[in-house]
Amino acid sequence: MPTPKQVQQIKQLCGDYASEELLEHFELVAALPSAEMVNLLGPKECLTLSKSLRSFHPVAERLGGIVLDDPDTSNHHLLLTVGPCAGAVLYLDHDGDTRIVYADLASFREAAQQAMEEESFLGDLQEPGGVMLKDQPQLSALVAELLEEESEESSAVILALLPSLNLSNKALLMKLASSSDFFVVEALAMAIALRPKKLLKPIAELCAKHKHPQVARAGKQALAKIK
């Protein structure tokens, strides 16, 4: 169980997001068998890693990330505590696609139990793409705000959030397709390829005509998926 001081620190980390759910999570995790390949954190380790990660990683800092595990791979699952993302769990992948992979802590724990039973890394169980968040208007507003900042840090956060957009906000998609960061445009094309719709064809065409070959290739792959 967390100490009174740890409870206070957890509440400070959670901000406006209800910390009771995280405290309950620690109780449930304490009852689970430990597994090195999953390594779910208790409150002490969680606080230490969360503060450290927020000090240098833009996604963890901007989305209020709280580190839930440490399988010694440099990748972590983070509980998000900010805005439309609050309550969801993001997979911070340093060598791959950072994205939201679970809608809530309960889903994360279920997956962790499965990983322990199968003696596999939790990150290996995740499907491509991201979890659609319920509050799409607020998510779109957050992505639009990040686009206006035009910085490497804001682009990193956009890349993490883009897979959770339902791709219905055409005005936002046009802005994403016109981003000066080609990684953002490529991520948009990849999202369309995963969830192709005829209405998205004009956006995919813009990506396919991009001057950067990496983006153009992703755009052409998106177009090929649209029937």
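Here, each number is a calculation from the coordinates, and none is a lab measurement. All figures in this text were calculated on a predicted structure; none of them were measured in a lab. Here the Cβ is made from the backbone with ideal geometry for all residues, glycine too, and neighbour counts use every protein chain on show.
Given 0.36 nm per residue, what is the gain on full extension from Glu149 to Ala103 after removing their alpha carbon distance, in nm?
13.8 nm
Along the positive direction of the dipole of the stretch 4-125 (beta-carbon charges: Lys, Arg +1; Asp, Glu -1; about the Cα centre), which of Tyr17, Ser74, Ala115 reaches farthest?
Projecting each Cα onto the dipole axis, the largest value belongs to Tyr17.
³J(HN,Hα) across the stretch 38-48 via Karplus (A = 6.51, B = -1.76, C = 1.60, θ = phi - 60°), whole Hz, x for Gly/Pro?
Calculated HN-Hα couplings, in order: 10, 6, 6, 8, x, x, 5, 5, 4, 4, 4 Hz.
Quick one: angle between helix 152-161 and the longest Cα principal axis of the chain, in degrees between 0 and 90, rounded to 10, please.
80
Taking θ as phi - 60°, what are the ³J(HN,Hα) couplings along the stretch 80-89 by the Karplus curve (6.51, -1.76, 1.60), each to the nearest whole Hz, with x for Gly and Pro?
My calculation for the stretch 80-89 gives 8, 10, 10, x, x, 8, 4, x, 7, 10 Hz in order.
With a cut-off of at most 12 other beta carbons within 10 Å, and DSSP calling the residue loop, which GluC sites (Glu not before Pro) in the stretch 105-205 qualify? Please list them.
Of the GluC sites (Glu not before Pro), the ones in loops of the stretch 105-205 whose Cβ has at most 12 other Cβ atoms within 10 Å are Glu119, Glu150.
In nm, to one decimal, how far is the Thr73 label point from the Glu61 one, both placed 7 Å along Cα→Cβ?
Roughly 2.6 nm, to one decimal.
Which lysines have a Cα lying under 20 Å from the Cα of Lys11, excluding residues fewer than 8 positions away in the same chain?
The reachable lysines, counting only those whose Cα sits under 20 Å from Lys11, are Lys44, Lys51.
Which whole-number percentage describes the relative contact order of the chain, with Cα contacts under 8 Å and a sequence gap of 6 or more?
That works out to 12 percent.
Tell me, what HN-Hα J-couplings in whole Hz come from the Karplus equation 6.51 cos²θ - 1.76 cosθ + 1.60 at θ = phi - 60° for each residue of the stretch 21-26, using x for Gly and Pro?
Karplus values, whole Hz, x for Gly and Pro: 5, 5, 5, 5, 4, 4.
For the chain, find the longest principal axis of its Cα atoms and tell me its angle to the long axis of helix 182-194, 0 to 90°, nearest 10.
The two axes meet at around 90 degrees.
Place the peptides 160-168, 39-47, 54-62 in order of packing, highest mean first, counting for every residue the other Cβ atoms within 10 Å and averaging per peptide.
160-168, 39-47, 54-62
Would you work out if the stretch 1-107 is rounded, prolate or oblate? Take a ≥ b ≥ c from the square roots of the eigenvalues of the alpha-carbon gyration tensor; rounded if a/c is under 1.5, else prolate when a/b is larger than b/c, oblate otherwise.
Note, shape of the stretch 1-107 comes out rounded.
What residue among Asp97, Asp72, Asp124 has the largest mean-square fluctuation in a Gaussian network model of the chain, using Cα springs under 10 Å?
So, out of Asp97, Asp72, Asp124, the one fluctuating most is Asp124.
Give me the angle, in degrees from 0 to 90, between the Cα long axis of helix 105-118 and the longest principal axis of the Cα atoms of the chain, rounded to the nearest 10.
80
By how many nm would the segment from Asp135 to Lys227 grow when fully extended, if each residue of separation counts as 0.36 nm and the alpha-carbon distance is taken off?
Roughly 30.3 nm would be gained on extension.
Give me the lysines in straight-line cross-link reach of Lys225: C-alpha distance below 20 Å, same-chain residues under 8 apart excluded.
Those lysines meeting the cut-off are Lys170, Lys197, Lys198, Lys201, Lys209.
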